[in-house]
1. In the chain, carbon and sulfur make up what percent of the accessible area (probe 1.4 Å)?
2. Extending each Cα 7 Å along its Cβ direction at Phe139 and Arg25, get the distance between those two points in nm, one decimal.
3. Please list, or write none, the lysines whose alpha carbon is within less than 22 Å of the alpha carbon of Lys237, excluding same-chain residues fewer than 8 places away.
4. Given the peptides 125-131, 241-247, arrange them by the average over their residues of other C-beta atoms within 10 Å, most packed first.
5. Rolling a 1.4 Å sphere over the protein heavy atoms, what is the accessible area per residue of the chain, to the nearest Å²?
6. Using the Karplus equation 6.51 cos²θ - 1.76 cosθ + 1.60 (θ = phi - 60°), what ³J(HN,Hα) coupling, rounded to whole Hz, does each residue of the stretch 251-265 give in order, writing x for Gly and Pro?
7. Using per-residue counts of other Cβ atoms within 10 Å, averaged over each peptide, order 140-146, 197-203 from highest down.
8. If a/c stays under 1.5 just call it rounded; otherwise compare a/b with b/c (prolate if a/b is bigger, oblate if not). Do that for the stretch 8-117, with a ≥ b ≥ c from the square roots of the Cα gyration tensor eigenvalues.
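The values are calculated or read from the model by the stated rules, or taken from the named source; none is laboratory data. Remember, it's a predicted structure, so these values are computed and weren't measured experimentally. Positions of Cβ are backbone-derived with ideal geometry, glycine not excepted, and every protein chain shown enters the neighbour counts. Protein only, heavy atoms only, side chains kept; ligands, DNA and RNA dropped before computing areas. Shrake-Rupley method; radii C 1.70, N 1.55, O 1.52, S 1.80 Å.
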Amino acid sequence: MKGGSAGKLWVVATPIGNLGDLSPRAQQALRDANVIAAEDTRHSRPLLQHFGIATSLTALHEHNERVALASLIARLQAGEDVALISDAGTPLISDPGFRLVRAAREAGIDVAPVPGACAAIAALSVAGLPSDRFVFEGFLPAKAPARRERLRELADEARTLVIYESSHRIVECCADLRNAFGAEREARLLRELTKLHETCIGMTLGEIAARVADDPEQRLGECVLVIAGRGEEADAKLAEGRRVYALLRAELAPAQAAKLAAAISGAPRKDLYGG
Ligand code: SAM
């Protein structure tokens, strides 16, 4: 793999917890590369040491990506092989690397994946929610108004949603999700996947929001939310709720009509006013 004409950029997935998930092919690619471009070299060194990989490391992160990639592209053009890794999981998936991969493609350099762990896919594979079509949202906006706006846009999404969230915002985020999508929406919170304290809680956004608010343990570590899309059942309930609301509205004040129509149909009360 070393020397010759242009080198190759290997995009290598690393474990999201369990070191056993670094595949033999990934170990080989990291060993054979001339240099490993890592999000945080201090973070990745122990992983490489664990596998006895002595390849040199160089930093490639959000703040130096533009500058560092020029030197990496030059090395690739000079015939060296570069392996790209991030702190955990698959590079470019809510992690740096996009600009390097794009620049390599533009320069006509071969780019090859060494697939492996990805928290979104790991979560989806065990959530027990429809997985034939899904939307990966990555991280929602950190600030509450922008996050709520984004959730309003997503409330009618029919496909399963996969969201990353950091533990210090998880209580707020789950409360916003419950308010935007309704407490009954099916969902799972998957924490610490492949690690000692791996857990999955559900079954609805109402239950998840209550558990993370009440139980500090449910706020620890890393987590992924998998949320069912708005189903046909919900659409049928809403149609029925709006029909009942229209009938009751002829006799009652809007708030009272909506309250009764929601109770009769099972549709969320807040969705009935505008219908
Ligand atoms: N590139 C990574 C991947 O392929 O999954 C994701 C990197 S992103 C910066 C980090 C987020 O991924 C965390 O905030 C969390 O939402 C999710 N994550 C990473 N490891 C996880 C794990 N072991 N269990 C649950 N979620 C995890």
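1. Its accessible area is 53 percent carbon and sulfur atoms.
2. That separation, rounded to one decimal, is 3.0 nm.
3. Counting by Cα, and skipping residues close in sequence, Lys237 has these lysines nearby: Lys259, Lys270.
4. 241-247, 125-131
5. 51
6. Result, ordered by residue: 10, 10, 5, x, 5, 5, 4, 5, 4, 5, 4, 5, 5, 6, 8 Hz.
7. 197-203, 140-146
8. It comes out prolate by the Cα gyration axes.
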